[in-house]
Amino acid sequence: MANATAPAARRAGHPPHDQRSALPDPAGLTEDQRRGAVCVWGTARLTGESAVDLGEQTSAVGRWYPRACRPHAAAHGHQDGAQ
């Protein structure tokens with residue numbers, strides 16, 4: 001039985017936010033990576049079905065929309081919709 005006092009994210013199998021890898025610096029990414037067409041941690045072209053949305057971001061480069069392939073998202077501790 002799950003610990004009733006554990007945060008809901010941990011009970012659901014999601015790592016705590018502080019255990020997720022930070023997103024890469026958008027200044028070092030390609031335009032395709034910043035717009036979510038390519039994985040932010042690799043070179044995989046993404047589709048709506050293959051991508052994990054990492055949430056709209058705002059930084060010195062402006063708004064950007066990072067997404068990742070499922071293997072890289074899992075390796076960096078991100079789940080669908082988690083930021």
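Here are the numbers for the structure shown:
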{"item": "Computed accessible area, Thr47, all protein chains, 1.4 angstrom probe, square angstrom", "result": "70"}
{"item": "Additional length obtainable on full extension of the chain from Ala27 to Arg45, 0.36 nm per residue less Cα span", "result": "4.6 nm"}
{"item": "Rounded accessible area of Glu56 (nearest 10 Å², 1.4 Å probe)", "result": "90"}
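The values are calculated or read from the model by the stated rules, or taken from the named source; none is laboratory data. For clarity, every value in this text was computed on a predicted model and none was experimentally measured. The area values use the complete protein model at the heavy-atom level, side chains included, leaving out ligands, DNA and RNA. Shrake-Rupley method; radii C 1.70, N 1.55, O 1.52, S 1.80 Å.
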